[in-house]
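K.L.:
The structure under discussion is supplied below as structure tokens; questions concerning it will follow.
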Ligand SMILES: NC(=O)c1ccc[n+]([C@@H]2O[C@H](COP(=O)([O-])OP(=O)(O)OC[C@H]3O[C@@H](n4cnc5c(N)ncnc54)[C@H](OP(=O)(O)O)[C@@H]3O)[C@@H](O)[C@H]2O)c1
């Protein structure tokens, strides 16, 4: 049996800066405040020991998601564990391996998948109970113990900060475009709403696959940044609130083949209006709220395929990693914060000045 980090039987010299009792960030109590409450405390706990089938990871980077804000505010609609360690997306290195683990060894650079139990195939109801940083403890910690079946190797060309963005935002965009939907043809058009984590990933992946991308944003400055990634058609939805008309104009009146719908109640009707007949809407998020009145006629008149996407199994993260490595694609990391500044990172996420991802460096 391999020993835990710092264990005298490990045969490895423990790094001198490695604390015996690693710190974790705990979420605040349930709150009705609109602004994110600061995480309640940095706490110290023993370095976990790997149980059978587990590895212990020294976390090096954690990427934040809009969901982390909802959870911190007490507004997340799904069950949240009390005294939660937040954060679903991490990258780090294996420092201890439990009995029965053969695929990973000390020193491997890895990412845990979003769900601890969803390995492949269709999601089961029980998988909901294994969502990191929600139903179970997350990864905003110096060390975490993870089931080895949930692990994926980090693509060689990516840093820890970049890799940490794949397990939720990256793989959600990947699954929506290439696994859940009917196969796209070169030249199909994808509409990405806003310039947050999921949307920027969707734009990058779509462009890499030879698809056309139309991207909206509240800001010309942000649109400059996505144009630099290769997005040729952009719309400022503050300046043009009827942006679905511009999407139709840009597609010769036909509409787009796929909408990566992260807006929710404030955007869903326009997204359906911007859709081509027979197109797909991937329902992923609800940045503007969840109280939408969806017109069934808007769906049936377009013969639209409306699919919910809830992250993905580990096998999808494997597939995304391979695709990113083959094309040497790099995620867009807007800013990196220190572990002690996790509160500031969450506040920055709420301000929505970022393009792509905000990341917390750990250790
Ligand atoms: N179902 C899933 O598996 C899954 C996975 C990941 C995320 N999500 C959900 O997807 C949504 C996006 O997540 P994220 O992590 O990518 O968020 P994020 O990085 O925090 O995205 C924030 C950005 O969204 C854009 N935005 C805000 N309001 C908008 C509006 N009315 N129309 C268009 N864009 C708007 C803004 O960009 P601009 O200023 O450029 O407009 C803002 O900076 C959230 O609701 C999240 O919970 C779901």
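The values are calculated or read from the model by the stated rules, or taken from the named source; none is laboratory data. Just so it is clear, the model here is predicted, and its values are computed rather than measured. Positions of Cβ are generated from backbone atoms using ideal geometry, with glycine treated the same way; all protein chains shown enter the neighbour counts.
K.L.:
Residue 340: farther than 22 Å from residue 67 by Cβ, away from the ligand (no atom under 15 Å from the Cβ), modelled with pLDDT under 95 and part of a helix (DSSP H, G or I), yes or no? Show your work before the answer.
P.N.:
Details: farther than 22 Å from residue 67 by Cβ: yes; away from the ligand (no atom under 15 Å from the Cβ): yes; modelled with pLDDT under 95: yes; part of a helix (DSSP H, G or I): yes.
Taking the combined requirement at face value, the residue satisfies it.
K.L.:
Something else about it: Out of curiosity, is residue 270 surrounded by 22 or more Cβ atoms within 10 Å (Cβ to Cβ), at pLDDT 95 or above and over 30 Å from residue 125 (Cα atoms)?
P.N.:
Details: surrounded by 22 or more Cβ atoms within 10 Å (Cβ to Cβ): yes; at pLDDT 95 or above: yes; over 30 Å from residue 125 (Cα atoms): yes.
Criteria met by residue 270.
K.L.:
Shifting gears a bit: Answer with yes or no whether residue 106 is more than 25 Å from residue 333 (Cβ to Cβ) and free of Cβ contacts under 8 Å to residues at least 60 places away in the same chain. First the steps, then the outcome.
P.N.:
Values: more than 25 Å from residue 333 (Cβ to Cβ): yes; free of Cβ contacts under 8 Å to residues at least 60 places away in the same chain: no.
When the stated conditions are applied, residue 106 does not pass them.
K.L.:
So, one more: Kindly indicate the residue of the range 273-287 that is under 25 Å from residue 169 (Cα atoms) and either within 18 Å of the chain's Cα centre (by Cα) or surrounded by fewer than 16 Cβ atoms within 10 Å (Cβ to Cβ) (or both) and also nearest to the ligand (Cβ to nearest atom) among those meeting that condition.
P.N.:
Out of the qualifying residues, it is 285.
K.L.:
A follow-up question, please. Which of the residues spanning the range 158-184 are out of contact with any strand residue (DSSP E or B) (no Cβ under 9 Å at 6 or more places or on another chain) and under 19 Å from residue 146 (Cβ atoms)?
P.N.:
Correct list: 171 only.
K.L.:
If you check residue 294 against the conditions, is it touching a helix residue (DSSP H, G or I) at 6+ places or on another chain (Cβ under 8 Å) and in a helix (DSSP H, G or I)?
P.N.:
Working: touching a helix residue (DSSP H, G or I) at 6+ places or on another chain (Cβ under 8 Å): yes; in a helix (DSSP H, G or I): no.
In short, no.
K.L.:
Just checking, which of 194, 187 is part of a loop (DSSP other than H, G, I, E, B), modelled with pLDDT under 95 and in contact with a strand residue (DSSP E or B) (Cβ under 7 Å, 6 or more places away or on another chain)?
P.N.:
Values: 194 fails: modelled with pLDDT under 95.
Just one listed residue meets the conditions, 187.
K.L.:
Can you tell me which residue is nearest to the ligand (Cβ to nearest atom) among those in the range 351-363 that are touching a residue at least 60 places away in the same chain (Cβ under 8 Å) and out of contact with any helix residue (DSSP H, G or I) (no Cβ under 6 Å at 6 or more places or on another chain)? Reasoning before the result, please.
P.N.:
First, the residues of the range 351-363 that are touching a residue at least 60 places away in the same chain (Cβ under 8 Å): 352, 354-363.
With out of contact with any helix residue (DSSP H, G or I) (no Cβ under 6 Å at 6 or more places or on another chain) added as a condition, the list becomes 352, 354, 361, 363.
Details: 352: 3, 354: 6, 361: 18, 363: 24 Å.
So, considering only residues that are touching a residue at least 60 places away in the same chain (Cβ under 8 Å) and out of contact with any helix residue (DSSP H, G or I) (no Cβ under 6 Å at 6 or more places or on another chain), the one nearest to the ligand (Cβ to nearest atom) is 352.
K.L.:
Filtering the range 25-47 down to residues that are touching a helix residue (DSSP H, G or I) at 6+ places or on another chain (Cβ under 9 Å) and closer than 16 Å to residue 136 by Cβ, which residue is modelled with the lowest pLDDT?
P.N.:
27
K.L.:
What is the number of the single condition among (1) part of a loop (DSSP other than H, G, I, E, B); (2) closer than 26 Å to residue 159 by Cβ that residue 350 does not meet?
P.N.:
Looking at each condition in turn, residue 350 falls short on (1).
K.L.:
Only one residue in 22, 16, 50 is at pLDDT 95 or above and over 23 Å from the mean Cα position of the chain (by Cα), so which one is that? Steps first, answer last, please.
P.N.:
Values: 22 fails: at pLDDT 95 or above; 16 fails: at pLDDT 95 or above.
Going through 22, 16, 50 in turn, the sole match is 50.
K.L.:
State whether one or more residues within the range 288-304 are within 12 Å of the ligand (Cβ to nearest atom) and either assigned by TED's automatic domain parsing to the domain that holds residue 92 or under 16 Å from the mean Cα position of the chain (by Cα) (or both).
P.N.:
no
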